[in-house]
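Everything below concerns the one structure shown next.
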Amino acid sequence: MSDTYYSFAAEGQSHFFRVLADVEEEILEPFFNTDGWKYSREYFETIPAFYQNKQLTALGGLEIVGTVMCFIGTCFAKKIFDDFYEKTLKRPVGAQIDRLMNALSIPDGKTVEYRDVVHLKDIDLVVVVRATMKKDCGEAIQRQIMQAHRIAYDYIKNNGRKAPIHCHRIIDGKIDIEPEFFSSLEEIKKNEQNKTLSVWKKAVSRND
């Protein structure tokens, strides 16, 4: 198997970053420091769909405490995808989630989101799988994320590339079969901010 590119990113408050850094050092770095993985932040910075505003702005949705993102670069071709699936299946995503959630103090009504972000370089398509993290749910989320990648693969195989980003959400253990379409990660953030603003306006209107 050829090397698979990877990188990490996160959004959140300072205490969130401190805990996340410890988790990455303890759990993720030993796993990725093996044959077949190649760290390259530069690889992902050159892809237009990965654009995000570098200025400090509110996260996508006021209820989100932080977002953890794992970036992977691979291909859509079936043989390569099967290699990718086998490699990513072994990632300690579940252990990372459980360790992070047990170390964080999360206020009521707030959430933390995990995103698996995969660039399929042969068809220039990004697949984003989004899951809300909860305590002691790491194993279930890891299983659901892998299933979501299979669903995303089947959708692309049957329908082709519909936009620069196909986004599948995992909500209460259920995976969106039909993806949402976006042009960039920044557009996903703005879409969530608009949803939050709409909910806030409705709440204010009901109270008037």
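The values are calculated or read from the model by the stated rules, or taken from the named source; none is laboratory data. Treat the numbers as computed from the prediction; the structure is a model and nothing was measured. Cβ: placed from backbone, ideal geometry, glycine included. Neighbour counts: every protein chain shown. Just so you know, the surface numbers come from the protein's heavy atoms only, side chains and all, with ligands and any DNA or RNA stripped out. Shrake-Rupley method; radii C 1.70, N 1.55, O 1.52, S 1.80 Å.
Would you work out the relative contact order for the chain, in percent, from Cα pairs under 8 angstrom that are 6 or more residues apart?
22
For n ≥ 4 DSSP H runs only, could you compute -39500 (n - 2.57) per run for the chain, divide by its residues and tell me the 222 nm figure to the nearest 500?
-13000 deg cm²/dmol
Given that just one value was derived from the coordinates, which of (i) -0.22, -0.29, -0.65, -1.43; (ii) -0.21, -0.27, -0.62, -1.62; (iii) -0.23, -0.31, -0.66, -1.27 is log10 I(q)/I(0) by the Debye sum over Cα atoms at q = 0.07, 0.08, 0.12, 0.19 Å⁻¹?
Among (i) -0.22, -0.29, -0.65, -1.43; (ii) -0.21, -0.27, -0.62, -1.62; (iii) -0.23, -0.31, -0.66, -1.27, the one derived from this structure is (ii).
Between Q52 and H15, what FRET efficiency comes out of the Förster formula 1/(1 + (r/R0)^6) with R0 = 22 Å and r the beta carbon distance, rounded to 0.05? Before the final figure, lay out the partial values.
Values: r = 22 Å, r/R0 = 0.98.
Rounded to the nearest 0.05, the efficiency is 0.55.
Give, in nm to one decimal, the length gained when the segment between M146 and D22 is fully stretched (0.36 nm per residue of separation minus the Cα-Cα distance).
Full extension of this stretch gives 42.2 nm more.
Indicate the gyration tensor shape class of segment 97-140 (rounded, prolate or oblate), computed on the Cα atoms with a ≥ b ≥ c the square roots of the eigenvalues: a/c under 1.5 is rounded; otherwise a/b larger than b/c is prolate and the rest oblate.
It comes out prolate by the Cα gyration axes.
Which of K79/K189; K90/K110; K134/K189; K135/K157; K79/K174 have a Cα-Cα distance over 31 Å?
Distance filter (> 31 Å) returns K79/K189; K135/K157.
Just the number please: accessible area per residue for segment 115-178, 1.4 Å probe, all protein chains included, in Å².
Here the residues of segment 115-178 average 46 Å² of exposed surface.
If each residue of separation counts as 0.36 nm, what is the full-extension length gain between E180 and F8 once their alpha-carbon separation is subtracted?
Working: separation 172, 0.36 × 172 = 61.92 nm, distance 2.26 nm.
Net length gain for the segment: 59.7 nm.
Need the list of aspartates and glutamates near K87 for cross-linking: C-alpha distance under 13 angstrom, and skip anything on the same chain fewer than eight residues off.
Partners within reach: D3, D35.
Which FRET efficiency, nearest 0.05, do K90 and N194 yield, Cβ-Cβ r, R0 45 Å?
Working: r = 37 Å, r/R0 = 0.83.
The calculated FRET efficiency here is 0.75.
Order of 106-112, 159-165, 139-145 by packing, highest average Cβ count within 10 Å first?
Highest to lowest by the protection proxy: 139-145, 159-165, 106-112.
Run the numbers for K134 and K79: contour at 0.36 nm per residue of separation, minus the present Cα-Cα distance, in nm.
16.4 nm
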